[in-house]
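Everything on this sheet refers to the single structure shown next.
The values are calculated or read from the model by the stated rules, or taken from the named source; none is laboratory data. Remember, it's a predicted structure, so these values are computed and weren't measured experimentally. Here the Cβ is made from the backbone with ideal geometry for all residues, glycine too, and neighbour counts use every protein chain on show. For the accessible areas, the whole protein counts, side chains as well, though only heavy atoms, and no ligand, DNA or RNA atoms are used. Shrake-Rupley method; radii C 1.70, N 1.55, O 1.52, S 1.80 Å.
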Amino acid sequence: MAAAGSAVGLGNIWKFPYMTGEYGGGAFVLVYLITIAFVGFSVMVAEMLIGALGRKDTVGSFERLAPPDKKGWKYAGFMGFNGLIIMTFYSVVIGWIFYYLFKLSSALPTSTETAKATFDNLVANEPGVQIFWHTVATLIVTYIVYRGIKGGIEKINLILMPALMMILFGMLFYAFSLDGFSKAFSFMFEPDWSKLNSEAIVRAVGHSFFTLSLGMGAIMTYAASLPKHTSITQTAFIVTFMDTLIALVAGLVIYTFLFQEGAPAAQGPGLVFISLPVVLSNFGYIGTFLALLFFLALSFAGLTSAVSLVEPVVQYIIDRFDTTRLKAVLIAGSAYYIVGIGALLSYTKAWGETFSIAGKPLFDILEYTTDSILLPLGGLLIAVFVGYVLQKERVRSALAHEMGDRYFAVWRFSIRYVAPIALVFMMLNLMGVLKI
Ligand code: PHE
């Protein structure tokens, strides 16, 4: 449940729909789905395996499992620090959601223009408000992390995940009854190949890692406390399946509402903050109630993922420096909190230029670097480590009894060849996009 809570997050409900819009719909979705099926799932099994066998923090697990002459692999464990980089913008977005929870309880905007103006105004002109909510988000996340995996996040997930699913599926049923649904369906599932450029491919592959929480040790860290006889394959399958399902449902719901209003698909990061409230405003009090429910669910999804972004670093600090959990949480929390302020300022009118590099806002740079560079790189390291460095027999004895010999062979082929080749190909593409 905790791993599913990590995977299902803002990536599914905030990021996936808006990226689908920006990169042209169906073709982007198809690359994303193919990557999940042929690369993401195998890497998820591999990442869980490292955690389940290593049973330490990310650096410790790599170090323990690497053969004596290859101890340098422990440095791969520093992928855990990517979580803090992601948190710099993730926390800001959770802050936006909190703000909306308050804002929407009074009145919902009745037209797309007013909704857009509200969101744009928050992001461009209200640094103080954003810092306030980013602070609230940081306090909540760090407090849950402080309570630890068993006492904190596992308990909370048990309530939040089913609540989120119920809200989303309820909205999907409503969406079925609207004309916008068939448009949304063809937008998402009928690929328009002319829209598929290298950048769209890079972003779709990167996003599949982001949404599955792969390549930065979150899944590894959770797997380190899995009960001994849990099936890794089955757990990985459930997490991957749920994550994908929720993203597709969120996409369909949001696009149905959007097309129903005749609004354009490409709206950027403001998408869910703009489209949903407007549609729901048609339903009076019930609409306000639904909007609150939706943003509540979204904030839950974000919080459970945020916790998994901070936890790997916290465990690393505790294990290495023999400090208390409280100190470790304070260090990790303040690091991302401070950079997060820079990220939110980079979208404001007053500070935008100061916090931009080569015309790109810091927020976008952090987002791009993590999902399109660091996570796929982490995934590549995991695939190579499990496919080539770990002794084959060890891997076989951990997995073959779960998968059966035939599927084990398929999985191993995927982790040794399909995943590395796909990821290297993606990185070459990336260099083209970045013009390196
Ligand atoms: N998977 C989370 C989401 O979709 C984000 C995340 C990325 C969490 C990497 C942990 C590690 O929102």
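So which residues in region 3-35 are of a type in the set (A, V, I, L, M, F, W, C) and either away from the ligand (no atom under 15 Å from the Cβ) or open to solvent by 10 Å² or more (accessible area, probe 1.4 Å) (or both), if there are any at all? Selection gives 3, 27, 28, 29, 30, 31, 33, 34.
Yes/no per residue for (1) over 14 Å from residue 269 (Cβ atoms); (2) free of Cβ contacts under 8 Å to residues at least 12 places away in the same chain; (3) open to solvent by 60 Å² or more (accessible area, probe 1.4 Å); (4) under 15 Å from the mean Cα position of the chain (by Cα):
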residue	(1), (2), (3), (4)
83	yes, no, no, yes
86	yes, no, no, yes
89	no, no, no, yes
94	no, no, no, yes
101	yes, no, no, no
104	yes, no, no, no
110	yes, no, yes, no
113	yes, yes, yes, no
120	no, no, yes, no
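Residue-level analysis places residue 364 outside the set of residues that are of a type in the set (D, E, K, R), under 24 Å from residue 57 (Cα atoms), at pLDDT below 95 and not in a loop (DSSP other than H, G, I, E, B).
Residue-wise test of (1) touching a Leu at 6+ places or on another chain (Cβ under 6 Å); (2) part of a loop (DSSP other than H, G, I, E, B); (3) at pLDDT below 90.
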residue: 274; (1), (2), (3): no, no, yes
residue: 281; (1), (2), (3): yes, no, yes
residue: 290; (1), (2), (3): yes, no, yes
residue: 305; (1), (2), (3): no, no, no
residue: 309; (1), (2), (3): no, no, no
residue: 316; (1), (2), (3): no, no, no
residue: 320; (1), (2), (3): no, no, no
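Here residue 184 passes the criteria (1) part of a helix (DSSP H, G or I); (2) within 14 Å of the ligand (Cβ to nearest atom) except the one numbered (2). Every condition in (1) open to solvent by less than 40 Å² (accessible area, probe 1.4 Å); (2) of a type in the set (D, E, K, R); (3) on the phi > 0 side of the Ramachandran plot holds for residue 311 except the one numbered (3). Exactly one residue out of 200, 223 is away from the ligand (no atom under 16 Å from the Cβ), crowded, with 16+ Cβ neighbours inside 10 Å and not aromatic (Phe, Trp, Tyr), and it is 200.
In the set 346, 299, 372, only one residue is touching a Lys or Arg at 6+ places or on another chain (Cβ under 9 Å) and either under 24 Å from residue 2 (Cα atoms) or at pLDDT 95 or above (or both); that residue is 346.
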